[in-house]
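The values are calculated or read from the model by the stated rules, or taken from the named source; none is laboratory data. Values in this document were obtained by computation on a predicted structure and should not be read as measured data. Glycine gets a Cβ as well: all are built from the backbone with ideal geometry, and neighbour counts include every protein chain shown. When the accessible area is computed, the model is the full protein with side chains, heavy atoms only, and any ligands, DNA or RNA have been set aside. Shrake-Rupley method; radii C 1.70, N 1.55, O 1.52, S 1.80 Å.
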Amino acid sequence: MLDSYDKREALRLAFDEENIETRPLWKPMHLQPIFEKYPYYGSNIAEDLFEKGLCLPSGSNLTAIDKERISAVIAKFF
């Protein structure tokens, strides 16, 4: 069975095959090198989202066809 990272990467590659750009979620601020010497108060939610999350195309300029292409990749993958 694939772990969360592998599932995210497999989905990213499925989008890539359809020439649809995606990217992993942004690295949490408290994990950025500039902040490594400062204390962090929180849980592991941000780290979990960073490891599993994928940013899909979004924006007001997406056409209905673009949205259908994105939906089709998701439906086929799952």
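The residues of the stretch 18-51 that are part of a helix (DSSP H, G or I), open to solvent by less than 60 Å² (accessible area, probe 1.4 Å) and farther than 25 Å from LYS76 by Cα, listed by number, are HIS30, ALA46, GLU47.
Look at the stretch 1-26: where a residue is modelled with pLDDT under 90 and a partner is surrounded by 11 or more Cβ atoms within 10 Å (Cβ to Cβ), sitting 6+ places away or on another chain with Cβ atoms under 8 Å, you get LEU2/ALA10; SER4/GLU51; SER4/LYS52; TYR5/GLU51; TYR5/LYS52.
I'd like to check something: does the stretch 56-77 contain any residue that is basic (Lys, Arg) and free of Cβ contacts under 8 Å to residues at least 12 places away in the same chain? Scanning the stretch 56-77, I find at least one residue that is basic (Lys, Arg) and free of Cβ contacts under 8 Å to residues at least 12 places away in the same chain, so the answer is yes. For the stretch 62-78, taking the residues that are open to solvent by less than 100 Å² (accessible area, probe 1.4 Å), in a helix (DSSP H, G or I) and of a type outside the set (D, E, K, R), the one that is nearest to ASP6 (Cα to Cα) is identified as PHE77.
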